Amino acid sequence: MARGRVRPMTSGRPRGRPRHDDILTPTEWRVVHAAQHGRTNREIASARGVSVDAVKYHVANSLAKLGLANKRALQQWFRAPKDSALARRGEQMGEALQLGAVGQISRSVSDVEASTAFYGEVLGLRHLYSFPGMAFFDLDGTRLFLTEESELPAGESVLYLRVSDIASAYEELQQRGVEFTHAPHMIHRHEDGTEEWMAFFEDPDGRVLAVMEQVRA
């Protein structure tokens, strides 16, 4: 029997990670949405348990894929991931824009644990969920967002306004002359698949407002 080189059997599948059919990979989408929400590279790295260099790499890759110059341009770029509930739902045609009830109120605190005890145990507000440095409570349908800050700004007030279609609201408000500082971006996906989408803009005095939508899977 003649000796020869034994070739390893292959399954015919390409090596490496499978290609994604979306413009960004799932990891890149998560980093992009965190950057659009105003998180620094270090904050993103800490939250995801990766190095700052890894975050920089994903940001650079995303900017190149999207043809954007920098993170400022990224903050004003909007598109929904293909696998998101917002993309699957599509645009809701025929619905007139109506800014509804206030969806969320933000308040800075110096000690989130002490404030959580005060708002929950002393005031009796219903606690929704907490993350490092953050706590959320229910105010009869309006969400109170507590965030821990080393220095508390004077006169701070951020209003989050609920809309039924954040993509349409974003487009229509732009047509009305609103300049968004941060385009719609997903800031969190809950365990049941519900997505939190927000877009930020300012009033004539520079006070921050946002439109927000919860998109259910």
Yes/no for residue 43 being touching a helix residue (DSSP H, G or I) at 6+ places or on another chain (Cβ under 9 Å), free of Cβ contacts under 8 Å to residues at least 12 places away in the same chain, in a helix (DSSP H, G or I) and closer than 25 Å to residue 144 by Cβ: yes
Candidates 68, 97, filtered to the one that is within 19 Å of the chain's Cα centre (by Cα) and either outside the structural domain of residue 152 (by TED's automatic domain parsing) or not in a loop (DSSP other than H, G, I, E, B) (or both): 68
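For (1) at pLDDT 90 or above; (2) charged (D, E, K, R); (3) surrounded by 13 or more Cβ atoms within 10 Å (Cβ to Cβ), each residue gets a yes or a no:
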| residue | (1), (2), (3) |
| --- | --- |
| 123 | no, no, no |
| 133 | yes, no, no |
| 137 | yes, no, yes |
| 140 | no, yes, no |
| 192 | yes, yes, no |
The one condition in (1) assigned to a loop (DSSP other than H, G, I, E, B); (2) touching a residue at least 40 places away in the same chain (Cβ under 8 Å); (3) out of contact with any strand residue (DSSP E or B) (no Cβ under 6 Å at 6 or more places or on another chain) that residue 172 fails to fulfil: (1)
Take the stretch 177-217 and flag every residue that is within 15 Å of residue 88 (Cα to Cα), in a strand (DSSP E or B) and of a type in the set (A, V, I, L, M). 186, 215
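The values are calculated or read from the model by the stated rules, or taken from the named source; none is laboratory data. Only a predicted model underlies this, so the values are computations on that prediction, with no experimental measurement involved. So basically every Cβ, Gly included, is an ideal-geometry build from the backbone, and we count neighbours across all protein chains shown.
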